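Only one structure is covered here, and it is reproduced in the block below.
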Amino acid sequence: MGCRGCAGSNVDTRLRFSGAKPLAAYFTVRADTSSWDGSYDNRAMPRRLRIRWEDALDAQGKPGLPHAHGVYVLAFRVPAPALYIGIAADGGREPEGIPNRLRKHCVKAVGSHAGSGVTHPRRWRDFAMSRRDELRRLDRPDTLEDAVVMTGAVTGCPDVKGVYEYYESRLIRSMSVWSDALRKQLVCAMFGDEHASPRCLNGNTGSSRGRQPEQAAIVFGSGEAIGLG
């Protein structure tokens, strides 16, 4: 069944991703040099000095992301390939754009203590501690130079949040099926190799959410549309 409010000949509800680019193309990341032993307190916050929220990702002097709202994918190569899939929909009481969402995820990835509203779930704590240990072994500061981001959006759909939730859940579900064509395209877009095996940092399993649009398809960059039946 088509998505309510998204029907019509002039509406394109295909999710179109821009090309993936290094996070450094859009933000300056300053290494958190405060001492940290890799532990967290009982509120799941890192036991280290708090940094300024603005220092987590600084967009000053950088070009903006291709999309302020939509679906985004954030990928890392250290200590091993990993990615996170999320949405930031416009509208609602307190709409939160993709840049702010990325700040929260990057704070979790490096184990920084920034802001009172950022909790660090177990999967992110494990990832941050592994990342910390690997970069210490390499004697490198963590400026997220390995991070890559890709954003996408649909146009002309009033019920855009429901559509984004559908695409988000479909992308997450694809990560658990090795032969899924969508998974191969997503992994290739983020890591340059469809055979890469990234860990998915999403806590849910991609159970169905949102509203499937009549034109359910995803386009990565200039590639062909992948239809989602």
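The values are calculated or read from the model by the stated rules, or taken from the named source; none is laboratory data. Fair warning: this is a prediction, and the values are worked out from it, not measured in the lab. Quick reminder, even Gly has a Cβ in these numbers, built from the backbone with ideal geometry, and neighbours come from all protein chains shown.
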Residues located in segment 173-191, provided they are at pLDDT below 90 and not small (G, A, S)
V177, W178, D180
Odd one out for K108 among (1) loosely packed, with under 14 Cβ neighbours inside 10 Å; (2) over 23 Å from R170 (Cα atoms):
(1)
Quick check on G156: is it more than 19 Å from the chain's Cα centre (by Cα), touching a residue at least 40 places away in the same chain (Cβ under 8 Å) and surrounded by fewer than 18 Cβ atoms within 10 Å (Cβ to Cβ)?
yes
Does segment 219-227 include one or more residues that are under 23 Å from K108 (Cβ atoms) and either in contact (Cβ under 8 Å) with a residue 60 or more places away in the chain or crowded, with 16+ Cβ neighbours inside 10 Å (or both)?
no
Number of the condition not met by E194 [criteria: (1) touching a helix residue (DSSP H, G or I) at 6+ places or on another chain (Cβ under 6 Å); (2) among the acidic types (D, E); (3) at pLDDT 95 or above; (4) surrounded by fewer than 22 Cβ atoms within 10 Å (Cβ to Cβ)]:
(3)
Name the residues in segment 36-74 that are modelled with pLDDT of 90 or more, in a loop (DSSP other than H, G, I, E, B), more than 22 Å from the chain's Cα centre (by Cα) and not hydroxyl-bearing (S, T, Y), would you?
W36, D37, G38, D41, N42, R47, R48, L49
Taking segment 47-79 on its own, how many of its residues are more than 26 Å from G19 (Cα to Cα) and in contact with a Leu (Cβ under 8 Å, 6 or more places away or on another chain)?
0
